[in-house]
Amino acid sequence: MGARLERTNELLQRVLAEVGKTPSTHAIFVDAGYVYAAAGLLVAGTEDRRSFDLDAEGIIEAFIDKARIIFADSRLLRVYWYDGARRRIHTPEQQLIAELPDVKVRLGNLNANNQQKGVDSLIRTDLESLARHRAISDAALVGGDEDLVSAVEAAQGYGARVHLWGIEASEGRNQAEPLLWEVDSQRTFDLDFYKPFVTRRPVTTYEHEGDPPPSRDQVRFIGAQIAATWLAERGRMAMGELLPGHPYLPGPVDQDLLIEAEKLLQRSLRGHSVLRRALRDGFWQHLQSNY
């Protein structure tokens, strides 16, 4: 009996020695929608992606460097970058991110209002799977949506620790309180951290002194032309989601309409409320005529 106990103790000591040699592993999970919105607002004063450029490669490297310091005795598994795209087809920017070393891009969908769909479930699936298979011991989560609480709980249920990283908010908070309560630790990075990676795009001015403004009929025609392109790209299902809101357009769709119209007209419509109404009228008329 004594010999058996001694043998068992030797085996346990070997196992513990091997476990001690095995490095901890961490991964970084980035909700790109949160980063664009919160960093854009903090640095450029806007959440509109078209108004600024984000150096995704630079910010990913900065996250990796932070993790290297925070998880000093751990190795990086990879960075997961979650974003939305039409029909889950990579944009050129997302393709470049996907080609970065140690980065995996996961895409949810974008609906007619340019809202991400399915991203939170992708984060939960990856977090839970990696924790269940003991592939990670720590997860750095860059996000703020309350829907991520279930992802945190799932990973913690398998023994992983989840650390929430955030972006400084000029006012209030940009992360849901239930998410803050659930995680194992919280860190917020400030303006100085994000400023090198966000650059506001120059405002293009189309006004030419002395040029007469376009007529309402011209602008209405442009609205219908843009609607035809919009419908061809997004399909009747997206149109069906939009129609119940008539006569109002969701903010992102309205902004896209305005920007595209200004490009075609080579003239700003800011401050021309009558022409902007004509633009929306033309957009709606085309959609309704195809319903």
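The values are calculated or read from the model by the stated rules, or taken from the named source; none is laboratory data. As the structure is a computational prediction, the values presented were derived from the model and not from experiment. Backbone-built Cβ (ideal geometry, glycine too); neighbour counts: all protein chains shown. Ligands, DNA and RNA are excluded from the accessible area calculation, which covers all protein heavy atoms including side chains. Shrake-Rupley method; radii C 1.70, N 1.55, O 1.52, S 1.80 Å.
When residues of segment 179-211 are filtered for being of a type in the set (A, V, I, L, M, F, W, C), loosely packed, with under 12 Cβ neighbours inside 10 Å and at pLDDT 80 or above, how many remain? Full working, then the answer.
Here is the first cut: in segment 179-211, the residues of a type in the set (A, V, I, L, M, F, W, C) are 179-181, 183, 189, 191, 193, 197-198, 203.
Imposing the further condition that a residue be loosely packed, with under 12 Cβ neighbours inside 10 Å reduces the set to 181, 203.
Within this subset, residues satisfying the condition of being at pLDDT 80 or above are 181.
Summing the residues that are of a type in the set (A, V, I, L, M, F, W, C), loosely packed, with under 12 Cβ neighbours inside 10 Å and at pLDDT 80 or above in segment 179-211 gives 1.
Among the residues of segment 113-127, how many are surrounded by fewer than 19 Cβ atoms within 10 Å (Cβ to Cβ) and either under 30 Å from residue 229 (Cα atoms) or modelled with pLDDT of 95 or more (or both)?
5
Please determine, by comparing only the residues of segment 128-175 that are of a type in the set (S, T, N, Q) and more than 16 Å from residue 106 (Cα to Cα), which one is most open to solvent (accessible area, probe 1.4 Å). Working first, answer last.
To start, the set of residues in segment 128-175 that are of a type in the set (S, T, N, Q) comprises 129, 137, 150, 156, 170, 174-175.
Add one more test, that the residue is more than 16 Å from residue 106 (Cα to Cα), and what stays is 137, 150, 156, 170, 174-175.
Values: 137: 38, 150: 43, 156: 48, 170: 100, 174: 51, 175: 24 Å².
That would be 170.
Which residues, counting only those in segment 70-93, are open to solvent by less than 20 Å² (accessible area, probe 1.4 Å) and assigned to a helix (DSSP H, G or I)?
Matches in segment 70-93: none.
Among the numbered conditions (1) in contact with a helix residue (DSSP H, G or I) (Cβ under 6 Å, 6 or more places away or on another chain); (2) under 30 Å from residue 289 (Cα atoms); (3) not aliphatic (A, V, I, L, M), tell me where residue 144 comes up short.
All conditions pass for residue 144, except number (2).
If only one of 43, 35 is in a helix (DSSP H, G or I), open to solvent by 30 Å² or more (accessible area, probe 1.4 Å) and among the hydrophobic types (A, V, I, L, M, F, W, C), which one is it? Give the derivation first.
On the way: 35 fails: open to solvent by 30 Å² or more (accessible area, probe 1.4 Å).
None of the other options fit; the residue is 43.
Go through 220, 216, 267 for me and flag whichever is open to solvent by less than 80 Å² (accessible area, probe 1.4 Å) and either touching a strand residue (DSSP E or B) at 6+ places or on another chain (Cβ under 6 Å) or more than 30 Å from residue 55 (Cα to Cα) (or both). Step through it out loud before you land on a result.
On the way: 216 fails: open to solvent by less than 80 Å² (accessible area, probe 1.4 Å); 267 fails: either touching a strand residue (DSSP E or B) at 6+ places or on another chain (Cβ under 6 Å) or more than 30 Å from residue 55 (Cα to Cα) (or both).
The unique qualifying residue is 220.
Being part of a helix (DSSP H, G or I) and open to solvent by 40 Å² or more (accessible area, probe 1.4 Å) is the filter here, so list the residues in segment 270-291 that pass it. Before the answer, list the steps.
As a first pass, look at segment 270-291 and keep what is part of a helix (DSSP H, G or I): 273-289.
273, 274, 276, 277, 280, 281, 285, 286, 288, 289, listed by residue number.
Could you list, in sequence order, all residues of segment 259-289 that are β-branched (Val, Ile, Thr) and touching a residue at least 60 places away in the same chain (Cβ under 8 Å)?
Looking only at segment 259-289, we keep the residues that are β-branched (Val, Ile, Thr), and these are 259, 274.
Matches in segment 259-289: 259 only.
Return the residues of segment 238-258 that are loosely packed, with under 15 Cβ neighbours inside 10 Å and either over 20 Å from residue 220 (Cβ atoms) or touching a residue at least 60 places away in the same chain (Cβ under 8 Å) (or both); say none if nothing qualifies. Spell out the reasoning first.
First, the residues of segment 238-258 that are loosely packed, with under 15 Cβ neighbours inside 10 Å: 240-241, 243-248, 251.
240, 241, 244, 251, listed by residue number.
Restricting attention to segment 94-108, report how many residues are open to solvent by 40 Å² or more (accessible area, probe 1.4 Å) and either in contact with a helix residue (DSSP H, G or I) (Cβ under 8 Å, 6 or more places away or on another chain) or not in a helix (DSSP H, G or I) (or both).
Step one: filter segment 94-108 for residues open to solvent by 40 Å² or more (accessible area, probe 1.4 Å), giving 95-96, 98-99, 101-102, 104, 106.
Narrowing further to those that are either in contact with a helix residue (DSSP H, G or I) (Cβ under 8 Å, 6 or more places away or on another chain) or not in a helix (DSSP H, G or I) (or both): 96, 99, 101-102, 104, 106.
Summing the residues that are open to solvent by 40 Å² or more (accessible area, probe 1.4 Å) and either in contact with a helix residue (DSSP H, G or I) (Cβ under 8 Å, 6 or more places away or on another chain) or not in a helix (DSSP H, G or I) (or both) in segment 94-108 gives 6.
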